[in-house]
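The values are calculated or read from the model by the stated rules, or taken from the named source; none is laboratory data. Computed from a predicted model, the values in this text were never measured in an experiment. Heads up, the Cβs are rebuilt from the backbone with ideal geometry, glycines too, and the neighbour counts pull from every protein chain shown. For accessibility, only protein heavy atoms count, side chains too; no ligands or nucleic acids. Shrake-Rupley method; radii C 1.70, N 1.55, O 1.52, S 1.80 Å.
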Amino acid sequence: MSLELYACLHAREFPLQSLLRLRPDLRGNPVAVLHGRAPLETVCCTNRAAIEAGAECGITRLEAEGIRGLRLLPRSIESEAAARDVFLECAANFSPRIEVASADTHYACVLDISGTERLFGSPATLAQRMRDALAAAGFRASVAVSANFHTSLLKAAASVGISVVPEGHEAVALANLPLDLLRLPEKEAETLAIWGIRSLGELAVLPEAEFIARLGQDGKRWRDMAWGALPHLFEPVEPEFSLQEFYEFESAIEQIDSVLFVASRMIDSLVARAAGRALSLALLTIVMRLEGGQSHQLTLRPALPSVDRKFLLKLLQIELAAHPPQSAIVALTIVAEAGQTNTVQLGLFMPQLPEPSRLDVTLARLKALVGDDRVGSPVLEDTHCPDAFRMEAFAVGMPGSSIADRKPRMALRRLRPPHPVKVFCANQKPVAFHDGQQSYSIAVAYGPWRASGCWWAAGDWDRDEWDVLIAQEQSVHLLVNDHKQNRWYLEAVYD
């Protein structure tokens, strides 16, 4: 067996496939893709149903609109870019050495699969597994395996399904293929047409010396390619792993159900791609391009990374209901960040944690009811301002370490909210206060402890604190004089 072995994955009508990948409901209908500026668009891609209906590449938009039942979709460069990333990710599951060889509306990549027999079996078995993986991702592709790089590329472009070319039979496998596959320059193509050369087999049997004398070194390269003997310096690419999906709607969408229908397919693709690398989705950023050039962005951050499609879609539905876009949606982009789900072994007597999916849905519904800034985990601010805190997104973490038992000496029981009181002072010290129902005399007052800050912001504070001993109850209370509001409060009681 040769040390070299290549597998070419070839997807025809790639602009159309990149659109139908997220719209499986349209695959059985006649669909064509328009390319160019309005009103001079022309059809660049069609599926088989569209050809049977009378459509063909090159016809104008006006002619295509006259075909009954034909669905016209605008070409989307962003959708093609996202689809290429998915295509390369599927190919990278079988070999890390990949070279891209695309042309026009076709997309092809060649994999170096030498030495993979023990991992994936025979070349025919490997080709079938690659084709099934692409079909699961929404692509229809032909696969050709050969010991020659160019032979696999030409055979995949001309055939449908799976082709395995045995070593030494390259010329026979390429003999009946049309000469157009070589994409010759116009002048040389006319010369060969005058000579009556129509296939690669007819080109291969031409006398080598005379043919090179007339067409030069390019002629030698074309002839060697037709023989299946042209050497190639493999130039692999390194596809970057990025979880991103894009879809551009045919017309502006206002119904949320239509958006969720497309988003569900996009989330399915992202989950499958992440699961293929033993990862989960930790963060989803949804960007909606609206009419007028504006954009609307949503962020989904589950408490734990998840690969539950229904759960993620439910989060998106709740978030859209709470923060709907202000105008119709033109395009939808979903970018995900991958994470790993850590399995925590709880102790026998530790409380069971809530199920992450139910917890996230509950939090999302609470945010929709009371607001995003009122749901989460409180975190103390690094400031001297009393009771200063902020809300952060809730996250399930590891159980904290236990604190050693210590006998408390005193506890401060805060009143939420603080009670406004009327304070009587003598010699700038409180001597009594009235809480609206009862009056209390102060035996001893300690203070004041002054605190102020954030004078440069709207949330500044300026207050004096007094620890006072109530004569009737022999208990210590905390009184606060808020200079900003010019009011006194009973804020806490020492137990």
With 0.36 nm assigned to each residue of separation and the Cα-Cα distance removed, LEU40 to LEU290 gains 87.5 nm
How big is the gap, in Å, between the Cα center of segment 113-172 and the Cα center of segment 2-25?
12
Per the 1.4 Å probe, what fraction of the accessible area of the chain, in percent, lies on carbon and sulfur atoms?
51
Over segment 20-151, average the accessible area per residue using a 1.4 Å probe and give it in Å², no decimals.
47
Of GLU245, GLU63, which has the most accessible area with a 1.4 Å probe, and how do the rest follow in descending order?
GLU63, GLU245
Non-local amide H neighbours of GLU254 (under 5 Å, H modeled in plane, Pro and chain starts lacking H): which ones?
ILE329
Protection-proxy order for peptides 42-51, 96-105, each taking the mean of Cβ atoms within 10 Å per residue, highest first:
42-51, 96-105
Report which label in [x] 18, 35, 27, 15, 5, 0; [y] 17, 34, 24, 14, 8, 2, 0; [z] 22, 48, 23, 6, 0 holds the value of P(r) over Cα pairs in 20 Å bins from 0, in percent derived from the coordinates of this structure.
[y]
Convert each backbone phi in segment 161-176 into a coupling constant with the Karplus relation 6.51 cos²θ - 1.76 cosθ + 1.60 (shift: θ = phi - 60°), then list the ³J(HN,Hα) values in order as whole Hz, x for Gly and Pro.
x, 10, 9, 10, 9, x, 5, x, 10, 5, 4, 5, 5, 9, 4, 8
Using mean Cβ contacts within 10 Å as the protection proxy, how do 294-304, 372-382 order, highest first?
294-304, 372-382
Here the gain from full extension of ARG301 to ASP460, 0.36 nm per residue of separation minus their alpha-carbon distance, amounts to 54.0 nm
Tell me the label-point distance for the pair HIS169, SER102, using the 7 Å Cα-to-Cβ offset, in nm and rounded to one decimal.
3.3
Considering only protein heavy atoms, with the full assembly of protein chains and a 1.4 angstrom probe, order ASP482, ASP218 by accessible area, largest first.
ASP218, ASP482
Can you run phi through the Karplus equation (6.51, -1.76, 1.60; θ = phi - 60°) for segment 421-427 and list ³J(HN,Hα) in whole Hz, with x for Gly and Pro?
10, 10, 10, 9, 10, 9, 6
Taking a ≥ b ≥ c as the square roots of the eigenvalues of the Cα gyration tensor, with a/c under 1.5 meaning rounded and otherwise prolate when a/b exceeds b/c and oblate if not, segment 47-196 is oblate
Suppose accessible area is computed on protein heavy atoms with a 1.4 Å probe; arrange TYR6, TYR440, TYR494 from highest to lowest.
TYR494, TYR440, TYR6
Theoretical gain in end-to-end length, ALA81 to ASP467 [0.36 nm per residue, Cα-Cα removed]:
132.2 nm
In degrees, nearest 10, range 0 to 90: what is the angle between the Cα axis of helix 149-158 and the longest Cα principal axis of the chain?
90
At R0 = 22 Å the Cβ-Cβ FRET efficiency linking GLU250 and ASN93, nearest 0.05, sits at 0.10
Need one number: nm distance between label points at CYS425 and LEU369, each 7 Å from Cα along Cα→Cβ, rounded to one decimal.
4.4
Once the dipole of the chain is set up with Lys and Arg at +1 and Asp and Glu at -1 on Cβ about the Cα centre, which of ALA32, ALA445, LEU184 lies farthest towards its positive end?
ALA445
Nearby lysines by direct alpha-carbon distance to LYS187 (threshold 20 angstrom, same-chain neighbours under 8 apart not counted):
LYS220
LEU62 paired with LEU380, simple spin-label distance in nm, labels 7 Å along Cα-to-beta-carbon:
7.6
Computed [θ] at 222 nm, deg cm²/dmol, the chain (DSSP H ≥ 4; -39,500 (n - 2.57); rounded to nearest 500):
-9000 deg cm²/dmol
Report the Cα centroid-to-centroid distance between segment 444-492 and segment 45-93 in angstrom, as an integer.
72
By how many degrees, 0 to 90 and rounded to 10, does the Cα axis of helix 256-275 deviate from the longest principal axis of the chain?
80
Nearest 10 degrees, 0 to 90: helix 186-195 Cα axis against the chain principal axis
30
Amide H neighbours of ARG487 under 5 Å, at least 5 residues apart or on other chains, H built in the peptide plane: list them.
ASP482
Nearest 20 debye, what's the magnitude of the dipole of segment 151-310 about its Cα centre given +1 on Lys and Arg Cβ and -1 on Asp and Glu Cβ?
380
In debye, nearest 20: dipole of segment 1-109 around its Cα centre with unit charges on the Cβ of K, R (+) and D, E (-)?
260
